[in-house]
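Here the structure comes first, spelled out in structure tokens, and everything after it is commentary.
The values are calculated or read from the model by the stated rules, or taken from the named source; none is laboratory data. From a predicted model like this one, the values you see are computed outputs, not experimental measurements. Backbone-built Cβ (ideal geometry, glycine too); neighbour counts: all protein chains shown.
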Amino acid sequence: MLSPEKIRRGFSYPLGATLRDNGVNFAVYSENAEEVYLELFNTDDGDPVETIQFKEHDGYVWHTFVSGIGAGQYYGYRMKGAYDPISGKRFNDRKLLIDPYTKALSGVVRWDNSLFSYNLDSPDQDLSINTDADYKLVPKGIVVDSAYDWNGVKKPFHPWNRTIIYETHVKGATFRREDIPQNIRGTYSGLASDPMIQYFTDLGITSIELMPVHHHVDDKLLADAGLVNYWGYNTIAFFAPDVRYCSGKPGSQVKEFKDMVRKLHENGIEVILDVVYNHTAEGNHLGPTLSFRGLDNTTYYVLDPQNPRYYVDFTGTGNSLDARNPQVLQLIMDSLRYWATEMQADGFRFDLASTLARELYDVNMLSPFLNTIHQDPVVSNLKLIAEPWDVGPGGYQVGNFPPKWAEWNGKYRDLMRRFWRGDLGLLGEFATRLSGSPDLYQENGRRPFASINFITSHDGFTMYDLVSYNQKHNELNGAYPGGMDENYSYNCGIEGETGDPGIIGRRFRMIKNYILTLLVSQGTPMILGGDEIARTQRGNNNAFCQDNEISWYDWNFNQEKRALLKFTRHVISLRRSNPVLRRRNFFRNTPVPGSNMKEILWLDSQCREMTQENWNDPGLKSIMVWLSGRFTSEVSYVDDVLIGGDLILLFNASDEAVDFKLPHSENGWELYVDTNLPSVEGLPMPIPGENYVLNSSASAVIQERRN
């Protein structure tokens, strides 16, 4: 029992549990609570050893200071107030609540009916009240000592136009890699292990985009089915790195995460975090009470104004966080700044970003969320990436986010899939997407790199499955198949795995077409981790609940996979060494001032400029693109203009080989890469003569010979 003199009124700022003055200050927001209690624990699954009632609150922030406790202390909150779901209030002082600002959690939710504020078997559903205590089932917040020595390591700060993103999963990338020590596979330490660092640097990427690392919940329906929320898009604690990816004891995940970031930064690799501020893990009105719902339901969530018992759901998860509310906006901004400064993240990808920009129903690009981001001196200068859609009305906002934002370009993804599948009438849009999508990003002053170009992402088929399956195969998801029905995929003749060497060869050629197209397109390329080694999910295009070999990378390579990895490294090297492939400005359609030359020429197979008739020909599926290396808009760090050689890009999505007549070059041309070749060994190689024959369903890059 703590003596009364050890408990003082404390401070209302900062929110959360903060070490100070030989004790811990606790501060939590609730506008409508009547009484607030702090519960202290010695273990994750034990009863509270101390209950302290908050005596002070300022501006709806309840606060107290406890002397004599420190880092490693387990804690949680209880809130007493009205339980009146009809009016949106759902206080229940028998439920232990996770601190929204906790920096670490002790474990995972252990499912039981007592986690719900109502009786699950009551005909009144959530209008009933459940008074069972759930202390032993809810993970506890952990007081964290934030002191850390970064050893002088700074963020890499790769310019946008030199950025190459690799989307990956902490566990999936490392769990089956045998050259990583077994005790750290699937962890933050594993991702920063020497084998992974070597892999990333050899590949040539500049930035990894981590699928959610905020602590998440495996919801009850999944748990009852023997599944988990492997992807992690179900956050409950926006400041806490997930303990599941920690190789040490609970509480050490903060240091382990920082160690990972420091090691990646030491090797020039940025860390971008996929963040999910659009909803929480508490679901709809029939969900559990774990944190926000019990702290102050009407503050944190968008409720139906006509019937606040129910939640407005723009996310497909049952609820939407109310980013219009100043306290919720503060929570989001505090979290972003924490990860940017304390944890040294280099940027963020915002899941379902349209939800955050909504003002009740409509998406508004002048919303409080976007305005606050723009004004913040820390967050506004990071890499900001929007997933520019949600499931609500008017949610598809590709091309509409403000300056400083990049966007996942879903139009690029769909077009490139359809073009290489052989669909008709796409050559004009293919050229637009290859050029950085100026129709989407040029008018409001944004740059080509605002377009995050991708063929595949975690959400959908892998690249190997894109060329191996015509339909999704999500049977192992049980009652949660999900996934898009239309994937613009093509199985090359047989659904799923085959031993046919002709089909296998075509599939790997198609993968190489996708990778090459992605890396020679203007904009910012994003590679789905594992595509470079032909990772398969066996046709599952919604593997969110598959924490098994469907999702974990297979690091045992056959000859084709090894050749594909070398191909990917080869093409990434091409992009990094040629400024013309990563321009800061869009191409001009007229000759460069002071010259009769254009920055880009679109040519037919006979080396003639494309005519309107060519562009309108629905059956034309091949094109030659001449990029002038003299006009790149790229400068060095000392403002010297970087000039490279000319490049010729050849694309042929037709079923016939095409004989391309090459432009004249004083130095001659050499082949850098051809997706029809089995390997990149011996490349580049001189091209004799003035023509190059490109196989069907293939692409190539030809460069000026360098004397």
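L290 - would you say it is farther than 23 Å from F544 by Cα, of a type in the set (A, V, I, L, M, F, W, C) and in contact (Cβ under 8 Å) with a residue 12 or more places away in the chain?
No.
Considering only residues that are surrounded by 13 or more Cβ atoms within 10 Å (Cβ to Cβ) and of a type outside the set (F, W, Y), which ones fall in the range 550-561?
I550, S551, D554, E560, K561
Among the candidates P288, P308, P250, P326, single out the residue that is closer than 30 Å to Q182 by Cβ and of a type outside the set (A, V, I, L, M).
P250
Restricting attention to the range 449-500, and to residues there that are of a type in the set (A, V, I, L, M, F, W, C) and assigned to a loop (DSSP other than H, G, I, E, B), which single residue is surrounded by the fewest Cβ atoms within 10 Å (Cβ to Cβ)?
A479
Show me the helices (runs of 4 or more DSSP H) entirely contained within the range 345-433 in which 3 or more residues are over 16 Å from V275 (Cα atoms) and of a type outside the set (D, E).
By residue number, 368-375, 410-421.
Answer yes or no as to whether N444 is modelled with pLDDT under 95 and of a type outside the set (A, V, I, L, M).
Taking the combined requirement at face value, the residue satisfies it.
Every residue, every condition in (1) part of a helix (DSSP H, G or I); (2) out of contact with any Phe, Trp or Tyr (no Cβ under 9 Å at 6 or more places or on another chain), yes or no:
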site: I180; (1), (2): no, yes
site: M196; (1), (2): yes, yes
site: D202; (1), (2): yes, yes
site: E209; (1), (2): no, no
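Sort out which residues of the range 291-316 are more than 21 Å from the chain's Cα centre (by Cα) and either closer than 24 Å to R337 by Cβ or hydroxyl-bearing (S, T, Y) (or both), and write them in order of number.
S291, F292, L295, D296, T298, T299, Y300, Y301, V302, Y310, Y311
Name every residue in the range 182-194 that is part of a loop (DSSP other than H, G, I, E, B) and not hydrophobic (A, V, I, L, M, F, W, C), in order of residue number.
Once the filter is applied, which keeps residues that are part of a loop (DSSP other than H, G, I, E, B) and not hydrophobic (A, V, I, L, M, F, W, C), the range 182-194 yields R185, G186, T187, S193.
Only one of these is more than 18 Å from S622 (Cβ to Cβ) and in contact (Cβ under 8 Å) with a residue 60 or more places away in the chain: G644, G668, G682, G689. Name it.
Numbers: G668 fails: in contact (Cβ under 8 Å) with a residue 60 or more places away in the chain; G682 fails: in contact (Cβ under 8 Å) with a residue 60 or more places away in the chain; G689 fails: in contact (Cβ under 8 Å) with a residue 60 or more places away in the chain.
Within the list G644, G668, G682, G689, the selection yields G644.
Does the range 414-422 contain at least one residue that is out of contact with any Pro (no Cβ under 8 Å at 6 or more places or on another chain), farther than 21 Å from E486 by Cα, at pLDDT 95 or above and surrounded by fewer than 24 Cβ atoms within 10 Å (Cβ to Cβ)? Reasoning before the result, please.
Of the residues in the range 414-422, the ones out of contact with any Pro (no Cβ under 8 Å at 6 or more places or on another chain) are 414-422.
Among the residues that remain, those that are also farther than 21 Å from E486 by Cα are: none.
No: zero hits.
From the list T206, T187, T168, T174, which one is in contact with a Leu (Cβ under 7 Å, 6 or more places away or on another chain) and farther than 29 Å from S320 by Cβ? Spell out the reasoning first.
Details: T206 fails: in contact with a Leu (Cβ under 7 Å, 6 or more places away or on another chain); T187 fails: in contact with a Leu (Cβ under 7 Å, 6 or more places away or on another chain); T168 fails: farther than 29 Å from S320 by Cβ.
Criteria check complete, one pass: T174.
Just give me the residues in the range 433-448 being surrounded by 21 or more Cβ atoms within 10 Å (Cβ to Cβ) and not hydrophobic (A, V, I, L, M, F, W, C), in sequence order.
R433, S435, G436, S437, Y441, R446, R447, P448
How many residues, within the range 505-531, are assigned to a helix (DSSP H, G or I) and within 18 Å of the chain's Cα centre (by Cα)?
First, pick out the residues of the range 505-531 that are assigned to a helix (DSSP H, G or I): 505-520, 531.
Right, trim to within 18 Å of the chain's Cα centre (by Cα) and you get 518, 531.
Adding up the residues that qualify gives 2.
If I ask for residues that are among the aliphatic types (A, V, I, L, M) and closer than 20 Å to N92 by Cα, which ones from the range 14-69 would you list? First the steps, then the outcome.
The initial filter retains those residues of the range 14-69 that are among the aliphatic types (A, V, I, L, M), namely 15, 17, 19, 24, 27-28, 33, 36, 38, 40, 49, 52, 61, 66, 69.
Result: A27, V28, A33, V36, L38, L40, I52, V61.
Restricted to the range 570-615, and to residues that are part of a loop (DSSP other than H, G, I, E, B) and small (G, A, S), which residue is surrounded by the fewest Cβ atoms within 10 Å (Cβ to Cβ)?
Restricting to residues being part of a loop (DSSP other than H, G, I, E, B) and small (G, A, S), the top hit is G594.
Could you check V49 against (1) in contact with a helix residue (DSSP H, G or I) (Cβ under 7 Å, 6 or more places away or on another chain); (2) without any contact (Cβ under 8 Å) to a residue 12 or more places away in the chain and say which number it fails?
(1)
Regarding G76, is this residue touching a Lys or Arg at 6+ places or on another chain (Cβ under 8 Å), part of a strand (DSSP E or B) and under 27 Å from S252 (Cβ atoms)? Lay out the reasoning, then the answer.
Details: touching a Lys or Arg at 6+ places or on another chain (Cβ under 8 Å): yes; part of a strand (DSSP E or B): yes; under 27 Å from S252 (Cβ atoms): yes.
Yes.
If I filter the range 1-20 down to residues being closer than 25 Å to V108 by Cβ and among the small types (G, A, S), which single residue comes out as surrounded by the fewest Cβ atoms within 10 Å (Cβ to Cβ)?
G16
Would you check if there is a residue in the range 145-158 being touching a residue at least 60 places away in the same chain (Cβ under 8 Å) and crowded, with 24+ Cβ neighbours inside 10 Å?
Looking through the range 145-158, none of the residues is touching a residue at least 60 places away in the same chain (Cβ under 8 Å) and crowded, with 24+ Cβ neighbours inside 10 Å.
Tally the residues that are of a type in the set (A, V, I, L, M, F, W, C) and out of contact with any Phe, Trp or Tyr (no Cβ under 7 Å at 6 or more places or on another chain), restricting the search to the range 239-265.
5
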